Amino acid sequence: TSCYCLKMRRASGDVSKYYDQVLAPSGVTTSQYSLLLNISRAHQCSVKELADMAELDRSTLARNLKPLLNRGLVIDTRQPGARNRQLELTAAGQQTVAAAQTLWEKAQQKVQATLGEAGQAALEEVLAALAKL
């Protein structure tokens, strides 16, 4: 196809699939790892703050956050009677972030090697241009 949108969606899907495969031993997807990493960096955050950090709409965030809460990687530490969730990583969540980070770095290095320095620079330039659309 000559459609740039479709080509980019396919390429994005291929890259996401690769990262998810590399992260699989950690038990989280790339999307879930991103959420865990953002919570880890914030130490504690509300759902709205996490949505802003992750640049996700609330429904997508809720869909990706639910398994992390169910698995005990993230807990809600809000005070009784408070409306807004306060999210924090559990010890298991911190261990998962550490394991996933090592795997993510492996995936990142392979992508960098595949692109080479010139390809990395070109990709960054293209992504910056597309962000301005």
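Can you tell me which residue among 92, 128 is aliphatic (A, V, I, L, M), assigned to a helix (DSSP H, G or I), exposed (fewer than 12 other Cβ atoms within 10 Å of the Cβ) and without any contact (Cβ under 8 Å) to a residue 40 or more places away in the chain? Unique residue meeting the criteria: 128.
Taken over region 44-85, the criterion of being touching a residue at least 40 places away in the same chain (Cβ under 8 Å), over 26 Å from residue 107 (Cβ atoms) and not in a helix (DSSP H, G or I) is satisfied by 44, 46.
Within the set 4, 19, the sole residue that is closer than 30 Å to residue 133 by Cβ and within 11 Å of the chain's Cα centre (by Cα) turns out to be 19.
If a residue has to be part of a helix (DSSP H, G or I), in contact (Cβ under 8 Å) with a residue 60 or more places away in the chain and surrounded by 15 or more Cβ atoms within 10 Å (Cβ to Cβ) to count, how many in region 16-29 make the cut? Residues in region 16-29 being part of a helix (DSSP H, G or I), in contact (Cβ under 8 Å) with a residue 60 or more places away in the chain and surrounded by 15 or more Cβ atoms within 10 Å (Cβ to Cβ): 5 in total.
Computed from the coordinates by the stated procedures, all read-outs in this text should not be read as laboratory data. The structure displayed is predicted, hence computed values, not measured ones. All Cβ positions, glycine included, derive from the backbone under ideal geometry; neighbour counts span all protein chains shown.
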